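Take a look at the structure below.
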Amino acid sequence: MRELNSCKDAMQICIENKYFAVAHLYKDEKVMAMHIHDCYELYFSISGGKQFLIDNKLYPIEPGDIFMINQYESHYVSQIDQTPHERIVIMIHPDFIKSMSSARTNLNYCFEHSQHDLSHRLHLTPDQQKRFLYYINRLLSATGYGADLEERAVFTELFLMLNSLCLDQEDQTPADADSSYHSQVDEILSYINN
């Protein structure tokens with residue numbers, strides 16, 4: 001897989017091929033206004049110093065942060081300082097990731113979990129960052145015979161890791177918030193039924 005140096009190119013290739021594309025960005029492109037697009041975006045920050053606004057939620061961007069944005073969520077990276085911001089962006093066609101999922105394993109979950117009021121942001125530990133970069137290097141070095149299968153296998157491993165981290169994050173959310181929500185819904189339904 002060829003490493004790209006533009007988010008726009010990655011998005012275009014992703015949509016045209018109904019696949020995924022990886023961009024490694026060392027400098028800032030022209031700042032985009034608030035936008036949405038037709039593919040999922042996985043954004044890994046190598047250096048921080050910016051802020052990410054995703055569907056009216058503001059997140060600081062620190063080194064080792066990963067953001068998962070689905071195609072319906074508006075987002076924008078704001079300029080906090082003028083230092084270069086190194087990051088890796090993976091654009092993924094929704095049909096591709098769904099086709100890689102199974103009946104028991106939804107690789108799409110990390111893009112859907114934020115719809116349940118969980119964070120779009122995961123902070124990876126140093127070991128998790130190394131593992132993430134290992135997968136990226138394997139994706140970008142796949143060439144020759146069987147490269148397509150190797151890309152799919154590595155993509156699957158990467159998204160198994162990310163979805164496991166999202167599930168762990170969900171398990172760490174306070175249960176009280178969820179139970180109070182359910183009790184409020186139960187009270188409303190009870191009132192309506194009466």
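Of note:
- Filtered residues of region 101-128 (kept if at pLDDT 85 or above and under 22 Å from residue 54 (Cα atoms)): 107, 108, 109, 110, 111, 120, 121, 122, 123, 124
- Pairs are defined by a Cβ separation below 8 Å, a sequence spacing of at least 6 or placement on different chains, a first member in region 148-166 that is touching a residue at least 24 places away in the same chain (Cβ under 8 Å) and on the phi > 0 side of the Ramachandran plot, and a second member that is part of a helix (DSSP H, G or I) and open to solvent by less than 70 Å² (accessible area, probe 1.4 Å); no pair meets this definition.
- Of all residues in region 52-70 being farther than 23 Å from residue 150 by Cβ and in contact with a Phe, Trp or Tyr (Cβ under 6 Å, 6 or more places away or on another chain), the one that is surrounded by the fewest Cβ atoms within 10 Å (Cβ to Cβ): 53
- Scanning region 85-105 for residues that are in a loop (DSSP other than H, G, I, E, B), within 19 Å of residue 3 (Cα to Cα) and either open to solvent by 10 Å² or more (accessible area, probe 1.4 Å) or without any contact (Cβ under 8 Å) to a residue 40 or more places away in the chain (or both) yields 86, 93.
- Scanning region 5-51 for residues that are at pLDDT below 80 and either under 15 Å from the mean Cα position of the chain (by Cα) or not in a loop (DSSP other than H, G, I, E, B) (or both) yields 35, 50.
The values are calculated or read from the model by the stated rules, or taken from the named source; none is laboratory data. All figures in this text were calculated on a predicted structure; none of them were measured in a lab. Cβ atoms come from the backbone with ideal geometry, glycine included; neighbour counts cover every protein chain shown. Remember, those area values only see protein heavy atoms, side chains included, never the ligands or the DNA or RNA. Shrake-Rupley method; radii C 1.70, N 1.55, O 1.52, S 1.80 Å.
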